[in-house]
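Inspection log for the structure reproduced underneath, given as structure tokens.
The values are calculated or read from the model by the stated rules, or taken from the named source; none is laboratory data. As the structure is a prediction and not an experimental result, all values here were calculated from the model. Neighbour counts run over all protein chains shown; Cβ positions are idealised from the backbone, glycine included.
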Amino acid sequence: MVKVCVTGIGLISALGGSLEDSWRNLLAGKSGIRLHQPFPEITPLPLGLIGQQPAGLTMLTQLVISSTLQDAGLVLPLADCAVVIGSSRSYQASWEMLAQQMYEDAANLPVSSFGNWLDTLPHMNAIASARQIGASGIVLAPMAACATGIWSIAQAALLIQTGQCQQALAGAVEAPITRLTLAGFEQMGALAKTGAYPFDLHREGLVLGEGASVFVLESAELAKQRQAKVYGEILGFGLTNDAYHTNSPEPEGKSAIAAIKQCLESSCLSPADIDYIHAHGTATQLNDRIESMVIQHLFPQGVAVSSTKGSTAHTLGASGALGVAFSLMALKHQILPPNVGLQQPEFDLDVITAARLSKIRHVLCLSFGFGGQNAAIAIAR
């Protein structure tokens with residue numbers, strides 16, 4: 001089997017404008033969550049904004065890709081590089097603005113004011129990414145709710161493992177602070193009032209955040225050939241679906257357990273081999289309870305666990321990609337990142353509350369999305 005290495009990482013979040021800034025602030029126990037009122041008709045909410053105003057998907061994507069390529073030491077164009085860039089919301093903000101324009105001034109609106117609306121179709125961000133790097137090979141645009149980031153990395157790894165390419169740009173970008181997204185989560189009763197507290201007894205719900213994380217994945221052969229620095233190796237992954245409900249996880253976590261087992265099997269690992277689990281940890285009642293149950297069912301007591309959403313907020317489709325980036329930094333520095341926001345644990349897990357030095361060889365990163373999308377990925381030093 002072809003070994004797949006990570007040779008470049010780009011990350012932008014409410015916690016910092018770069019991977020290093022975000023990592024440093026995470027280890028210091030800081031949070032990028034603040035009270036914001038991005039739209040006058042919506043009351044102020046805790047949000048993970050990168051700037052003062054909601055970010056644009058196009059600019060966020062361009063910035064994160066540039067920093068990824070710089071980190072990997074790659075020079076454009078990259079004609080043979082596959083592109084797998086996912087997003088769960090994609091250009092939703094643009095569509096909402098377009099709909100508002102049409103609604104407010106339908107009679108007087110010239111067709112030209114719609115611009116090139118084709119550029120805002122859900123898959124067009126991946127195509128724009130391919131144009132940015134001069135890639136003319138495979139382009140994929142996964143959408144799997146909050147499991148999008150891990151699914152994107154898994155698909156890119158599979159392309160390399162099966163010999164369809166030797167190099168891929170993979171990850172996810174999310175700019176989800178839109179009226180409809182906020183109103184939808186509010187209506188579900190899923191939004192927190194003060195902040196994100198994963199696995200806490202008094203957790204209130206999720207906090208929406210913006211973010212992006214993109215990676216350069218390469219075959220070990222190509223990485224060695226160009227003497228690239230290597231953050232880690234993608235060992236295997238598991239992808240399943242509950243086939244149960246639109247927004248509630250299956251109560252016994254059967255498909256989530258199946259995804260993790262599939263991931264461990266494809267990675268040739270046992271549960272005891274995992275040194276750290278980067279949990280999905282959304283701080284909602286249901287997710288944290290069922291995820292804790294799944295971890296307790298599969299892993300020996302004492303495995304280190306943390307969710308970084310108390311720091312970055314929940315970046316939806318990008319959250320798994322941010323999780324993989326933080327997991328790779330944990331492997332590189334041999335430091336377990338803290339579960340910021342945890343005061344009173346509800347579950348019998350070894351949740352990391354402050355950055356901790358530890359011997360880490362194998363990391364598992366988890367994502368669970370609406371529609372019962374389950375994703376697990378295993379990474380090694």
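For the reader, a short list of remarks on this structure follows.
- Taken over region 62-76, the residue count meeting the criterion of being surrounded by 13 or more Cβ atoms within 10 Å (Cβ to Cβ) and part of a loop (DSSP other than H, G, I, E, B) is 2.
- Members of region 159-216 found to be assigned to a loop (DSSP other than H, G, I, E, B), among the charged types (D, E, K, R) and over 24 Å from residue 63 (Cβ atoms), listed by number: 193, 203, 204
- Of all residues in region 96-116 being under 14 Å from residue 58 (Cβ atoms) and not small (Gly, Ala, Ser), the one that is modelled with the highest pLDDT: 97
- Any hit, region 199-208, residues being surrounded by fewer than 17 Cβ atoms within 10 Å (Cβ to Cβ), of a type outside the set (Gly, Ala, Ser) and in contact (Cβ under 8 Å) with a residue 24 or more places away in the chain: yes
- Of the numbered criteria (1) within 22 Å of residue 85 (Cβ to Cβ); (2) free of Cβ contacts under 8 Å to residues at least 40 places away in the same chain, the one residue 212 fails is (2).
- Residue in region 81-92 that is in a strand (DSSP E or B), within 17 Å of the chain's Cα centre (by Cα) and under 24 Å from residue 203 (Cβ atoms) present: no
- Residue list for region 219-249, restricted to those being of a type in the set (Val, Ile, Thr), in a loop (DSSP other than H, G, I, E, B) and surrounded by 13 or more Cβ atoms within 10 Å (Cβ to Cβ): 230
- Residue 99 vs. criteria small (Gly, Ala, Ser), closer than 30 Å to residue 277 by Cα and in a helix (DSSP H, G or I): no
- Scan of region 332-348 for residues that are under 20 Å from residue 235 (Cα atoms) and crowded, with 22+ Cβ neighbours inside 10 Å, ordered by number: 336
- Residue within region 66-73 that is out of contact with any Ser or Thr (no Cβ under 8 Å at 6 or more places or on another chain) and among the aliphatic types (A, V, I, L, M) present: yes
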